[in-house]
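*Asks:* Have a look at this one.
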Amino acid sequence: MNSMDDEVTYIGSFEDAEEVKTNENKNQSSKRSNFKTNKHNKKLKKFISSTKTTIFNKKILSILLIILLLYIIKPISFLRAKLDEKRDYYEQLNNNSIEEINLLDSLTYAIGAKYYKNCSNTMVTPADGLITCHYDLAHKGIDIACDEYPGNIYAAANGYVKHIGYSDKYGNEILIEHQINGMTIYTYYANLSVINVTNGQYVYQNQVIALEGGDPQKRAGIMDTEGHHLHFEVRKSESASSGLNPIIFID
């Protein structure tokens, strides 16, 4: 009897062990399945969240771009209309004096307000002659056709010669740096036949720094750049893109 009882006990224990092992395997399998599901759900949530953020950011960016375009386009449209009016007016000019333009009426006042306020009427006319082309968005300077060829070109104000050289667009050129009423400002002279200064040289207002260039047989006319003339700019920096309206600075 004892040996049989032992055998029954052994068999019962073996079956219980197998059941426990099976249950453990099921639990582990369930845990792995839950882990994979949770991991997948986390990835899905992260993807949805990032997608929403991207869409939200794109919407904000689109709105900002639209606002920026409206902010830029409106002033440009206004300036174009005004520039067309000014061009028609300038084409009718036939006197030999510099046309005075009120600061508040200047099309470019907002571009360099602090320069116009502090440096207006501080420079002399850099050449004796007729203004044949005025400042606009495409022509960031004025052209002055001298009365006789070759006309003298004068330094518009005291300053140091920052650069002399040659450009494909305007030929021989001079750039002068000035300190006027606490402001650093630059004047640019181009289309020159002769240059009388050197880099780093200090020049005085009204000093002859060059001679006018261009076709000796033809004086430039209104909106005509083929004849002899001076191209003159006033700039906020050395960059050609920083041109201001020279008329405002000439006394």
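The values are calculated or read from the model by the stated rules, or taken from the named source; none is laboratory data. Bear in mind that the values here come from a model prediction, so they are computed numbers and not experimental data. Every residue, glycine among them, receives a Cβ derived from its backbone with ideal geometry; neighbour counts consider all protein chains shown.
*Asks:* Under the condition of being polar (S, T, N, Q) and assigned to a strand (DSSP E or B), which residue from segment 122-166 is modelled with the highest pLDDT? Even if it seems obvious, please write down each step before you answer.
*Replies:* Initial filter on segment 122-166 (polar (S, T, N, Q)): 122, 125, 132, 152, 158.
This time we only want the ones that are assigned to a strand (DSSP E or B), so: 132, 152.
Working: T132: 87, N152: 96.
So, considering only residues that are polar (S, T, N, Q) and assigned to a strand (DSSP E or B), the one modelled with the highest pLDDT is N152.
*Asks:* Another question about this same structure. Enumerate the pairs (first residue in segment 126-143 and free of Cβ contacts under 8 Å to residues at least 24 places away in the same chain; second residue anywhere and assigned to a strand (DSSP E or B) and surrounded by 20 or more Cβ atoms within 10 Å (Cβ to Cβ)) with beta-carbon separation below 7 Å, excluding pairs fewer than 6 apart on the same chain, so at least 6 apart or on different chains.
*Replies:* H139/C133
*Asks:* While we're on this one: Regarding N245, is this residue loosely packed, with under 14 Cβ neighbours inside 10 Å and not hydrophobic (A, V, I, L, M, F, W, C)?
*Replies:* no
To keep it simple, each residue is scored yes or no on (1) buried (at least 18 other Cβ atoms within 10 Å of the Cβ); (2) in the same structural domain as D143 (by TED's automatic domain parsing); (3) not aliphatic (A, V, I, L, M).
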residue	(1), (2), (3)
L175	yes, yes, no
G200	no, yes, yes
Y204	no, yes, yes
G213	yes, yes, yes
K218	no, yes, yes
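*Asks:* From Y202, Y170, which residue is hydroxyl-bearing (S, T, Y), at pLDDT below 95 and on the phi < 0 side of the Ramachandran plot?
*Replies:* Sole residue among the options that is hydroxyl-bearing (S, T, Y), at pLDDT below 95 and on the phi < 0 side of the Ramachandran plot: Y170.
*Asks:* Suppose we filter segment 180-196 for residues that are surrounded by fewer than 19 Cβ atoms within 10 Å (Cβ to Cβ) and either among the small types (G, A, S) or within 24 Å of the chain's Cα centre (by Cα) (or both); how many remain?
*Replies:* 4
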